[in-house]
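S.K.: Submitted below is the structure of interest, expressed as structure tokens.
No value in this document is a laboratory result; all are computed from the given coordinates. No experiment lies behind these values; they were computed from the predicted model shown. Cβ sites come from the backbone with ideal geometry, for glycine too, and all protein chains shown count toward neighbours.
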Amino acid sequence: MNTDPISDMIVRIKNAQAVGFPAVELPYSKIKFQIAELLVKEGLIDKTEKKFKKTNKILKLFLKYDGKEPVIKGMKRLSKPGRRVYGNKKEIGFRSGQGIRIISTSQGLMNAREAKKNNLGGELICQVW
């Protein structure tokens with residue numbers, strides 16, 4: 001079964017938060033690590049670390065809670081392997097105060113706010129609120 005690794009990451013985070021786990025482990029990849037780093041930078045998760053277990057690399061995300069409520073209220077995959085979604089600098093926005101959109105640009109992954117500031121468009125990876 002060939003699944004989308006970013007969708008898998010989103011589902012694992014949602015499931016871990018639904019039962020109140022303090023952390024979640026997932027298979028490591030560069031793009032998942034970059035997404036996790038953006039989530040840390042935005043204050044949506046506490047921290048992230050790479051772990052090595054024999055032959056596989058593991059990415060561990062330490063989730064953030066406000067009391068018993070998770071800081072991340074929701075996550076949604078926008079661009080999927082079967083249907084890629086792209087936007088120019090005018091189309092990538094997301095209402096401010098409503099969360100962030102993660103964009104894959106020619107200069108790497110960044111949130112929509114940074115992409116607009118740098119006059120960049122790109123593939124809309126996901127949105128988090």
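S.K.: Would you be so kind as to identify which of Thr105, Gly121, Val85 lies farthest towards the positive end of the dipole of segment 75-128, taking Lys and Arg as +1 and Asp and Glu as -1 on Cβ and the Cα centre as origin?
M.R.: Of the candidates, Val85 comes out farthest on the positive side.
S.K.: Please report the antiparallel percentage of DSSP beta bridges with both residues in segment 5-70, rounded to the nearest 5.
M.R.: On the way: 15 of 15 bridges.
The answer is about 100 percent antiparallel.
S.K.: Give the separation of the Cα centroids, segment 52-129 to segment 10-33, in Å.
M.R.: 14 Å
S.K.: Only one of the values (1) 1.21; (2) 1.02; (3) 0.96 was calculated from this structure for Rg/Rh (Cα atoms, Kirkwood Rh); name its label.
M.R.: Here the calculated entry is (3).
S.K.: So how strong a dipole does the chain carry about its Cα centre when Lys and Arg Cβ are +1 and Asp and Glu Cβ are -1, to the nearest 20 debye? Kindly include the intermediate steps, with their values, before the conclusion.
M.R.: Numbers: 27 positive and 12 negative charges, 39 e Å.
Dipole about the Cα centre, nearest 20: 180 debye.
S.K.: Next up: How far, in degrees from 0 to 90, does helix 30-41 lean away from the longest principal axis of the Cα atoms of the chain, to the nearest 10?
M.R.: Orientation of helix 30-41: about 90 degrees from the principal axis.
S.K.: With θ set to phi - 60° and the Karplus curve 6.51 cos²θ - 1.76 cosθ + 1.60, what are the ³J(HN,Hα) couplings of segment 66-74 in order, to the nearest whole Hz, using x for Gly and Pro?
M.R.: 10, x, 9, 8, x, 5, 7, 7, x
S.K.: Can you tally the net charge around Glu25? Count Lys and Arg as +1, Asp and Glu as -1, for every other residue whose Cβ sits under 9 Å from the Cβ of Glu25. Kindly include the intermediate steps, with their values, before the conclusion.
M.R.: Values: positive: Arg12, Lys51, Lys60; negative: none.
Surrounding charge for Glu25 is +3.
S.K.: Still on this structure, I have one more. Dipole size in debye (nearest 20) for segment 75-128 around its Cα centre, Lys and Arg Cβ +1, Asp and Glu Cβ -1?
M.R.: Working: 12 positive and 3 negative charges, 34 e Å.
Magnitude of the dipole: close to 160 debye.
S.K.: Hey, another quick one. What is the set of long-range amide H partners of Tyr86 at a cut-off below 5 Å, with H atoms built 1.01 Å from backbone N?
M.R.: Amide H neighbours of Tyr86, under 5 Å, 5+ apart: Leu124.
S.K.: Tell me the GluC sites (Glu not before Pro) within segment 2-109 that lie in a loop according to DSSP and have at most 16 other beta-carbon atoms within 10 Å.
M.R.: Glu42, Glu91
S.K.: On a 31 Å Cα-Cα criterion, which of the cross-link pairs Lys51/Lys116; Lys47/Lys89; Lys41/Lys68; Lys50/Lys76; Lys47/Lys76 come out too long? List each step's numbers first, then the result.
M.R.: Details: Lys51/Lys116 34 Å; Lys47/Lys89 29 Å; Lys41/Lys68 22 Å; Lys50/Lys76 24 Å; Lys47/Lys76 21 Å.
Over 31 Å Cα-Cα: Lys51/Lys116.
S.K.: In addition: For segment 40-87, which trypsin sites (Lys or Arg not before Pro) are both in a DSSP coil and crowded by at most 15 other Cβ atoms within 10 Å?
M.R.: Details: sites: Lys41, Lys47, Lys50, Lys51, Lys53, Lys54, Lys57, Lys60, Lys64, Lys68, Lys73, Lys76, Arg77, Arg83, Arg84; in loops: Lys54, Lys64, Lys68, Lys73, Arg84.
Within segment 40-87, the qualifying trypsin sites (Lys or Arg not before Pro) (loop, at most 15 other Cβ atoms within 10 Å) are Lys54, Lys68, Lys73, Arg84.
S.K.: From the phi of every residue in segment 124-129, what ³J(HN,Hα) in whole Hz does the Karplus formula 6.51 cos²θ - 1.76 cosθ + 1.60 yield, where θ is phi - 60° and glycine or proline is x?
M.R.: Per-residue couplings from phi come out as 7, 6, 7, 10, 10, 9 Hz.
S.K.: Once you order the gyration tensor axes a ≥ b ≥ c over the Cα atoms, which shape class does segment 75-128 get: rounded for a/c under 1.5, otherwise prolate or oblate by comparing a/b with b/c?
M.R.: In terms of gyration-tensor shape, oblate.
S.K.: Tell me the angle of helix 5-18 to the major Cα principal axis of the chain, expressed in degrees between 0 and 90 and rounded to the nearest ten.
M.R.: Approximately 60 degrees, to the nearest 10.
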